[in-house]
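Just so you know, all these numbers are worked out from the coordinates, no wet-lab data involved. All values reported here derive from a predicted model rather than from experimental measurement. Positions of Cβ are generated from backbone atoms using ideal geometry, with glycine treated the same way; all protein chains shown enter the neighbour counts.
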Amino acid sequence: MPTPLRLLVAEDFPPDAELILSEVRRAGYDPVATVVDTAGKFLRALDDEPEVVICDYTLPTMTAPDALAILQAKSPDLPLIVVSGTMDEATCVNSLRLGAADYLLKDRLSRLGPAIDHALARRELDRVARLAEQRRDETMNILLGLVENSVAAISVQNLSGNTMVSNDLYKQLSTDHPPLASAAPIRTAGVEVLQRQELFTVDGEQRTFHAVRYPVRDGTDTVFAVGSILVDITEQKRIEADLRKARTELEGRNEQLDVANAELREVDRLKTEFVASVSHELRTPLTSIRGYAELLLDEADEGDTQTTKMLDIIDRNARRLLSLVEDLLLLSKIDSRTLTHEFVEVDLTDLAEGALLVLRPSAETADVRLALEASGVLPVLGDRSQLERVLLNLLSNAIKFSQKGGDVVVRGEVSGSEVVIKVVDSGLGVSAEELPKLFNRFFRSASDAAHKIPGTGLGLAVVREIVENHGGSVGMESVLGEGSTVTVRLPRRK
């Protein structure tokens, strides 16, 4: 199948032009030809981007050298083949010197096909060579850019020590430390890559560099130069030294902290043991005091109001102290992990009724109304005495913080897999800022101090510990001046 070929023929004699086209077809091409006979037409025809130009040496308004000059200016890679009826050797040589791809006599056009083949092949080789040179220049520019803009000092030196390539950073290094001196093993053995730290003097200051020395080889794998890459690690070394110093200091402080923590743990253990011991010692006489006070109250004359009042005060304060002792003992056991549980099925409705009965005298004295709103049985699995302590602490707080004529309501319900108990009061309330701290040990709100309400700040802490030990949760909602609601959630007994 003929090969398409865009052809420009500069010929003023039509039979010769047709002869040229016939030879092109015979050579296996399918020419799309433009035939011109003047310089102006020749110039315009170049806009059609021909692949080969065939030009008669002499035309009425143009010669082959003129055509070559036009091509040199406009399309230097376009091959031009000169044809002529007569041409001496000097003219042929001059045509080739000016850039002609070949020259042919018109009576020997049988060589035209090979001449076109050669011209096209040469044009393709020139294109590939130009592209390779362009890519080589691009690669060179990339490498030079990397070298010049690198944060490392870079150089390549031949084996005589002469610098072939280097960047400004490398030139700034002191010549007191010749770089090739440390690269001698590379030059002698030709195989090693050296990496180590080296000292250089820069602006009168000795600095530490991480140096990499590597062999540069030619196409025969022969080492002809040594490359050097040097990175200033002075600041890194200084930071590493500071980190080591800081780590040593930190380890020393950690050791001191460990000692201090051990001492604190021992003090805490002794404190826990002391509280447990004192609380235990206090509980027996307080129980005895309460017992004798109740006995004396039973035997007091009905008309002796003064004695009855004093005995009531003794009983009430002994009860407060005993409650405090119980809280301290409970927290001490929790801290020492010696608290034991006797889990049985407990009805919180029944427990709430008992707690209200116990605290009703205190509520009447404070002029606070108590109420229970519970929907039937509220079954949970827990330690009865500890859960009773939860309700007593919550109700005592609610009564204590309620004003005269106020209400305290215990609400109970079953909600899914939980039993929910709420203690609602219409008392003083607490601020939103203090809510997260209320269940912390010994925390007392500003309302306590403002209204001179007695307390230790342990009641709610004990509630939280007991509830969480039973797998439940406790929380509080409160509005300052309007009252509070404490909600206890415990797993329902199935």
Give me the dipole magnitude in Debye, nearest 20, for the range 5-107 about the Cα centre, with unit charges on the beta carbon: positive for Lys and Arg, negative for Asp and Glu. 180
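Taking 60 Å as R0, compute the FRET efficiency from the Cβ-Cβ separation of Glu255 and Leu131 and round it to 0.05. Mind showing how you got there, number by number?
On the way: r = 70 Å, r/R0 = 1.16.
The calculated FRET efficiency here is 0.30.
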Given labels modelled 7 Å from the Cα in the Cβ direction, how far is it in nm from Glu364 to Asp107? 15.3
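Which value results for Rg/Rh of the range 351-449 when Rg is the Cα radius of gyration and Rh the Kirkwood radius based on the inverse mean 1/r? Before the final figure, lay out the partial values.
On the way: Rg = 14.2 Å, Rh = 14.6 Å.
We get a ratio of 0.98 for the range 351-449.
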Full-extension gain in nm, Ser375 to Val414, via 0.36 nm per residue minus C-alpha separation: 13.2 nm
Provide Rg over Rh for the range 1-126; use the alpha carbon set for both Rg and the Kirkwood Rh (inverse mean inverse pair distance). 0.92
Rounded to whole Å and sorted largest first, what semi-axes of the equivalent ellipsoid does the C-alpha gyration tensor of the range 356-402 yield via the square root of 5 times each eigenvalue? 22, 13, 8
Have a look at the range 1-49 and give its Rg and Dmax from the Cα atoms, expressed in angstrom. 11.2, 35
Quick one: which residues, 5 or more positions from Gly427 or on another chain, have an amide H under 5 Å from its amide H? H modelled 1.01 Å from N in the peptide plane, none for Pro or chain starts. Gly483, Ser484
Zone of Lys74 (label point 7 Å along Cα→Cβ, backbone N under 12 Å): which residues in the range 45-68? 45-50, 67-68
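Would the range 59-127 count as rounded, prolate or oblate if I go by the C-alpha gyration tensor, calling it rounded below 1.5 in a/c and otherwise prolate when a/b exceeds b/c, oblate otherwise? Before the final figure, lay out each step's value.
Numbers: a/c = 1.88, a/b = 1.12, b/c = 1.67.
Note, shape of the range 59-127 comes out oblate.
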In order through the range 91-99: 3J(HN,Hα) via Karplus (6.51 cos²θ - 1.76 cosθ + 1.60), integer Hz, x for Gly, Pro: 5, 4, 4, 5, 4, 5, 5, 7, x
